[in-house]
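Nothing in this text is a laboratory measurement; each read-out follows from the coordinates by a stated rule. Computed from a predicted model, the values in this text were never measured in an experiment. Glycine also receives a Cβ, built like all others from the backbone with ideal geometry; neighbour counts cover every protein chain displayed.
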Amino acid sequence: MKRVLIAFIIAGACAGAFATQASAHHSFAATYLEDKAITIEGELVQVLFRNPHSFVQMTVKERNGSQVRYSIEWGGAAQLGGQGVTRETLKPGDRLVISGNPGRVPSDHRVRMISLRRPSDGFGWGTRPGEVVD
């Protein structure tokens, strides 16, 4: 009995010594249709500037006239900061045009951002090399 217990303790110690940390990143393909792209235009409601991914919330007037709130997934704060985007780059009320991959569930109104444009001053993101959502 002691031998079995000692064998389990040694096996557990060895397994712990050789364990590696698993990657926690998710697949965008599980949430978004990467082979499709849509363009939406609306008013910025909120920016959640955080890691691992930031989110832009905006209201969009649909074809039927209703107002719908979209959640657009963007890069993380650290990634965007390295690309010159800060917490103050976008302000509630800004009119934005966003292109991206639509979510797999249309009623969720989710988009993975490919590019962003603010027509009022020409600000854009996603048009220069390295501006991608990782």
Subject >> Label-point separation in nm, Q46 to D108, each point 7 Å along Cα→Cβ >> reply: 1.8 nm
Original post:
So what J values fall out for region 70-82 if you push phi through Karplus, 6.51 cos²θ - 1.76 cosθ + 1.60 with θ = phi - 60°, rounded to Hz, Gly and Pro as x?
Top reply: 9, 10, 10, 7, 10, x, x, 4, 5, 5, 5, x, x
Subject >> Label-zone membership for region 77-121, site A29, 7 angstrom Cα→C-beta point, backbone N under 15 Å >> reply: 104
Subject >> Cα centroid separation - region 42-70 against region 84-134, whole Å >> reply: 10 Å
Original post:
Given labels modelled 7 Å from the Cα in the Cβ direction, how far is it in nm from A37 to T89?
Top reply: 1.8 nm
